[in-house]
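What follows is calculated from the coordinates using simple rules that are stated; it is not laboratory data. This structure is a prediction, so every number in the text was calculated from the model and none was measured. Positions of Cβ are generated from backbone atoms using ideal geometry, with glycine treated the same way; all protein chains shown enter the neighbour counts.
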């Protein structure tokens, strides 16, 4: 295993330390337990939006802490849910007096630990709500999941919720919009290579020289099937078709198309996939109103891509377009 | 070779097509020959800043086209200089009537082809200047270079020049500032893995299971030596020491620290390197005033990192901080 790490057991903490120093104008990193909050904290009276999960998916979630998106992020160990105490500490630090929305990717450990943290927070009179993200259409149940997995669509939910909180919406309103965003978004991914968890030291799975895994999870969990690699058009078609099979797209529907790299994929290839996926959506009668291309919800150094489609309406577009200023997403 | 491409010989054009569609609000992509200009063009009367070079280093250069940075970018084939005709077409499209600065990475083909293009442009009464970037301290001459290579420091030169042009500086002033930025910046990189050029179909070089190449070029050209991989601290120390051996850093010097991923490196590892490099600079008496961490000047899917240090003064800080709005860099 070749990685730019020292002690693999300290990888998350070492990385967070560098992250905090590099972005001290936007975030504040706390250790024991690890969590990240906005520099200066949540503006008083504003709903706080908090998310988190296992590390290894950077820049998700800590890279989205800042004005207009998350007020705190809780990074667990690599591919491991954060503990309830860790989530509670982040909730306490982020609470601005108007309640806290927890955005939780649908993995069994995350769901349980965020629920426990929410109960502990309620006992301290911090009002919380939570929204589950389960956008991955690939498989119903999976290695770490009852029901669908939460993957790249999480970014969309976090952006919408953060923008709603920033404009002064109440906790109920922010929660309802996050639910609407979560209902509107679907994703499907493919892996060209596996990734290696630092403290494990060997690849999470084996793929043949010419094989790709269609429907891969962001922890390398099995997808739908393996096929022989066959070029960008064939692979993209499989992803987009699966998403379209699952989502109701009226003629003329306005959509966000988000092409996400898994960590080790060159930007140039993401744009090739984007071009193909966009044409498929147009041929399907959709209007691609907004786009995002980049490696935002990753699996360490895995090579691969996911395609996310979100159905937009005027309010979701307004919230997507609202200013955001975080280490990994700014406009 | 597994890549998200269709026809490898069309990789650059296919990728540019997707890029143009995804960022139509910021850039306009032209084909035959390929070049990228700002949507809406260079503001009349403003100096145009144009750069380019072989593809495979995305988001460099096309990702930096937009307000406050580049007015045009000229992407050659993968790891291949753009042709003089291509550069000339971009210069003609970008010229806003106040002259054009060409920012050229020091590779023999790039230098020759940009020179020829500049002569052709002068014949059409477009005034041009050019600035050479040669920030790589690893080796004096290299596979494609007489003298030092231009690598990640190019981003710094492009940002400074673009900001100077945006505030209305003359061609002579923009050129002088770009020269100052180029003189102030040094870089050194390391590869953990090789990359595969699409139309070649096999890795550019072989590295042993535990080997890393110290001083790698951004085309996989040989560096200084190969060593056994030994953790982030040892590797980072080798890079930063080489940069510090080459640059005059007065006690209290203000610097930009830019940790750049080579394309296949997880963000989490870049931040580990950043934390170590920053501490080394602080121990050396420098003040890290500005920071950038991300995969901006890449070598396809290569795993590795480069460390860039630029010595700042008040004016360079002002130009670095000036607003920028491009597909890959926004603040």
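So what does the Cα-only Debye profile of segment A:12-182 read at q = 0.09, 0.11, 0.14, 0.20 Å⁻¹, as log10 I(q)/I(0), no solvent term? Treating every Cα as an identical point scatterer, log10 I(q)/I(0) equals -0.25, -0.38, -0.62, -1.34. The distance separating the Cα centre of segment B:9-67 from that of segment A:12-80 comes to 33 Å. Evaluated at q = 0.06, 0.08, 0.16 Å⁻¹, a Debye calculation over the C-alpha positions of chain B (equal weights, vacuum) places log10 I(q)/I(0) at -0.18, -0.33, -1.38. The share of alpha-carbon pairs in the protein assembly as shown lying farther apart than 32 Å comes to 46%. Modelled this way, with points 7 Å down the Cα-to-C-beta line, the labels at residue B:283 and residue A:25 are 2.8 nm from one another. Between the beta carbons of residue B:237 and residue B:211, assuming R0 = 22 Å, the FRET efficiency works out to 0.80 to the nearest 0.05.
In chain A, helices alone account for a calculated mean residue ellipticity at 222 nm of -10000 deg cm²/dmol, with every DSSP H run of four or more residues adding -39,500 (n - 2.57).
Residue order for B:192, A:132, fewest other beta carbons within 10 angstrom first, comes to A:132, B:192. When A:238, B:224, A:38, B:149 are sorted by how many other C-beta atoms sit within 10 angstrom of their C-beta, beginning with the fewest, the order is B:224, A:238, A:38, B:149.
Fewest-first ordering of A:122, A:77 by other beta carbons within 10 Å of each residue's beta carbon gives A:122, A:77. Here, segment A:185-321 yields an orientationally averaged convex hull projection of 8.4 nm² when only Cα atoms define the hull. Rounded, prolate or oblate: which one fits segment B:102-252, using the alpha carbon gyration tensor with axes a ≥ b ≥ c (rounded when a/c is under 1.5, else prolate when a/b beats b/c, else oblate)? The shape class here is oblate. Look at the alpha carbon pairs under 8 Å that are at least 6 residues apart: their mean separation over the length of chain A gives a relative contact order of 18 percent.
For the pair segment A:266-331 and segment B:128-149, the centres of their Cα atoms are 36 angstrom apart. State whether segment B:255-325 is rounded, prolate or oblate according to the following rule on the C-alpha gyration tensor (a ≥ b ≥ c being the square roots of its eigenvalues): a/c under 1.5 gives rounded; otherwise a/b larger than b/c gives prolate, and the remaining case gives oblate. Taking the square roots of the gyration eigenvalues as a ≥ b ≥ c, segment B:255-325 is oblate. Look at the Cα gyration tensor of segment A:1-78: its axes a ≥ b ≥ c give a/c of at least 1.5 with a/b over b/c, and that counts as prolate.
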